[in-house]
Amino acid sequence: ASFMQKQTQILNPEVGYNQAISFSTLTREEVINPAEYNLLCYARPSDISSDGLPVGKLGNQASGFPFSALGYEWKGSEFLYLCGRWSLDTQGEIQKELASQRSGYIARRFTYNKYYQKRRKDFDIFKHQWMLWVVWQKCIGNEDFRKLLLSMPSDRIICEVEKRDPVWAFIRGEDGKLYGCNAMGKILTLCKRALETNMQPEIDYDRLNQSNIYIFGEKVMFRQEE
């Protein structure tokens, strides 16, 4: 980077925030004041930023970004992510029902509720690594999504905002500030950085392998891509 570019990065709090994101920050609770930062916020797939960027399409429930992973075609990342919640060797039929739904939203709302009691009780231990791996598969497996993510300006902070989800998103307080971990926005930023630098994101393949994840009855062996 040129001297001027470096100076811009130093003076730009959004760039500094994005550069400081790592896997260890995914569970860090934060308070963000939209009046102090230039944000790219979305809640629904149809959301457009004030300057016309289709930021809502970055979300897991946005349609139109199929990809291949583990030898199967997935209609979207939400389907594969949800399969991780029911990924014991005996839960292949639940996964098939999930994968057959028309949209990720329907899969989450109805199938999730139907099988909630059968979910993996240890899912919270590996869900962040699983989500990072799933979103990365979409990045490398769908050119349109890859281009979309790379089109997001580096001097903006990607934020998912939901009413009841301070884990993957932010919750907007009555004071207008955003509260939560925003893990999904951070994962998107990690994947964007990996694409820009031609590097791998911080995926812990050992952790995923130790989690004994089965997809449609077959145990997944995770290996770092070359």
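Of the residues in the range 179-192, not one is part of a loop (DSSP other than H, G, I, E, B), free of Cβ contacts under 8 Å to residues at least 60 places away in the same chain and not acidic (Asp, Glu).
If you check Lys138, Lys163 for being touching a strand residue (DSSP E or B) at 6+ places or on another chain (Cβ under 7 Å) and either open to solvent by 20 Å² or more (accessible area, probe 1.4 Å) or farther than 19 Å from Gly56 by Cα (or both), only one passes: Lys163. For the residues Arg146, Arg108, Arg120, Arg85, the requirement of being at pLDDT below 95 and basic (Lys, Arg) singles out Arg108. Picking from residues in the range 95-109 that are touching a residue at least 24 places away in the same chain (Cβ under 8 Å) and either surrounded by fewer than 16 Cβ atoms within 10 Å (Cβ to Cβ) or within 16 Å of Val220 (Cβ to Cβ) (or both), the one that is farthest from the chain's Cα centre (by Cα) is Lys96. A count restricted to the range 193-226 and to residues that are part of a strand (DSSP E or B), open to solvent by 40 Å² or more (accessible area, probe 1.4 Å) and of a type outside the set (Lys, Arg) stands at 2.
Residue-by-condition table, conditions (1) touching a strand residue (DSSP E or B) at 6+ places or on another chain (Cβ under 8 Å); (2) among the aliphatic types (A, V, I, L, M):
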position	(1), (2)
Lys121	no, no
Val134	yes, yes
Leu150	no, yes
Gly173	yes, no
Leu190	no, yes
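Is it the case that Leu148 is open to solvent by less than 70 Å² (accessible area, probe 1.4 Å), assigned to a loop (DSSP other than H, G, I, E, B) and touching a residue at least 60 places away in the same chain (Cβ under 8 Å)? Spelling it out, it is not the case that Leu148 is open to solvent by less than 70 Å² (accessible area, probe 1.4 Å), assigned to a loop (DSSP other than H, G, I, E, B) and touching a residue at least 60 places away in the same chain (Cβ under 8 Å). Among the residues of the range 46-70, those identified as within 30 Å of Tyr214 (Cβ to Cβ) and either open to solvent by less than 40 Å² (accessible area, probe 1.4 Å) or at pLDDT below 95 (or both) are Leu58, Gly59, Asn60, Gln61, Ala62, Ser63, Gly64, Phe65, Phe67, Ala69. Is it the case that the range 208-220 has a residue that's farther than 24 Å from Ser87 by Cα and either among the hydroxyl-bearing types (Ser, Thr, Tyr) or in contact (Cβ under 8 Å) with a residue 12 or more places away in the chain (or both)? No, every residue in the range 208-220 fails to be farther than 24 Å from Ser87 by Cα and either among the hydroxyl-bearing types (Ser, Thr, Tyr) or in contact (Cβ under 8 Å) with a residue 12 or more places away in the chain (or both).
For every residue, the table says whether it meets (1) in contact (Cβ under 8 Å) with a residue 60 or more places away in the chain; (2) in contact with a Ser or Thr (Cβ under 8 Å, 6 or more places away or on another chain).
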| site | (1), (2) |
| --- | --- |
| Glu29 | yes, no |
| Asn33 | yes, no |
| Leu40 | yes, yes |
| Gly52 | no, no |
| Gln61 | no, yes |
| Phe67 | yes, yes |
| Gly71 | no, no |
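The values are calculated or read from the model by the stated rules, or taken from the named source; none is laboratory data. Predicted model, so just to flag it, every value in this text is computed and none were measured. Note that each Cβ is placed from the backbone with ideal geometry, even for glycine, and that neighbours are counted across all protein chains shown. SASA here: full protein model, heavy atoms, side chains in, ligands and nucleic acids out. Shrake-Rupley method; radii C 1.70, N 1.55, O 1.52, S 1.80 Å.
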